[in-house]
Amino acid sequence: MSSWSHRHVIDLAAFSLDDFGTVLELAQRFRVMPTSGARKLPALQGKLMTSLFFEASTRTRSSFEIAAKRLSADVQNFAPSSSSLSKGESLLDTARTYVAMGTNIFVVRHRCAGVPQQLAAELDASGARVAVLNAGDGLHSHPSQGLLDLFTLARHFAPDAPTPEALCGRRIVIVGDVLHSRVARSNLWALTGCGADVVLCGPPTLLPDAFAHFVDAPPPGQAADPVGQRGTITLERDLAQALAGADAVMTLRLQKERMQQHLLTSLDAYHRSFGLTHQRLERCGKPVPVLHPGPVNRGVEMAGALLDDPAACLVDEQVTNGIPVRMALLYLLAAA
């Protein structure tokens, strides 16, 4: 296993191929725990994980809590509505309070992009030895989701050896509201970092042409791209053309609030053009897995029959894989 150099996990743009390999290797080890008889490890015994969630969450929050407990860590959940934030306390002061209580890892979810990164920088400047893990910030990033999607695909293509190499040269199609998706952004860094060729498909209002160049340069504040040779990103407006020859398809949640911004004519029209069905998947030329970060709008992003087909749809597998992937991240950050 390669050395791990990340004090925090904010954005997958900072991950090298070795970093992806390290997470996948650890996740695979943790993935087999329930079937090996060992459901709990003492790896994080005496460590404290604090969840700072400023957005509603079911899958992410619950799986981080389960992951921490399976590693024997203590878990502390923060509730904004009943905290001193309502009395004017700053987020940094709230975090410092939890640091004083012994927090080792913060898992932060916020509606505004950049909050986890800013919190990590301020805690570092204060001398606090605590890690920050981004659980989703605005439209910016959702690294643990990107990694669990990567792990799910790697396990599908190479069940016995889910490594980054399992993605190299694969044609992965991402369909839907890329513009408003932090999941899509994290997947673009992860998939291309492992050598996959990504095809983005959606209407121009939800998929601007600029996304073709999304990974051409590292984000502001990052000196260089740690991946020497990335896969490609191409845009395709026609779903049938995008699916031709695909090895896997990921569809994104269509946020119904976008209807109020006149970015779509109707949900029915969207489904007719970009909704996944068994029939449309025949364009791939072979059986392919379908992923979705959830929650799914039935009959919009995909047909209900496809969502309920375990032979094609890996949504439940993604949820299951979220636990070992987050265990891997917590383990690595606790040891950093």
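The values are calculated or read from the model by the stated rules, or taken from the named source; none is laboratory data. Remember, predicted model here, so these are calculated numbers, not experimental data. Note that each Cβ is placed from the backbone with ideal geometry, even for glycine, and that neighbours are counted across all protein chains shown.
Observations
- Within the set R230, R326, the sole residue that is assigned by TED's automatic domain parsing to the domain that holds R70 and among the basic types (K, R) turns out to be R326.
- Strands (runs of 3 or more DSSP E) wholly inside the range 197-268 that include at least 3 residues being under 30 Å from D18 (Cα atoms) and at pLDDT below 95: none
- Conditions (1) within 22 Å of L330 (Cβ to Cβ); (2) out of contact with any Phe, Trp or Tyr (no Cβ under 9 Å at 6 or more places or on another chain): number failed by P164: (2)
- The set of residues in the range 223-241 being closer than 21 Å to C194 by Cα and surrounded by fewer than 12 Cβ atoms within 10 Å (Cβ to Cβ) consists of A223, A224, G228, Q229.
- Criterion: part of a loop (DSSP other than H, G, I, E, B) and over 16 Å from L332 (Cβ atoms) - qualifying residue of S62, S51, S57, S5: S57
- Qualifying residue in the range 211-222 (condition: surrounded by fewer than 20 Cβ atoms within 10 Å (Cβ to Cβ), assigned by TED's automatic domain parsing to the domain that holds L148, without any contact (Cβ under 8 Å) to a residue 40 or more places away in the chain and touching a helix residue (DSSP H, G or I) at 6+ places or on another chain (Cβ under 7 Å)): yes
- Unmet requirement for G127, which otherwise passes all of (1) crowded, with 24+ Cβ neighbours inside 10 Å; (2) in the same structural domain as A328 (by TED's automatic domain parsing): (1)
- Within the range 185-192, one or more residues are more than 22 Å from I323 (Cα to Cα) and either modelled with pLDDT of 95 or more or crowded, with 21+ Cβ neighbours inside 10 Å (or both).
- The range 269-293 - residue that is of a type in the set (K, R) and part of a helix (DSSP H, G or I) and, of those, modelled with the lowest pLDDT: R272
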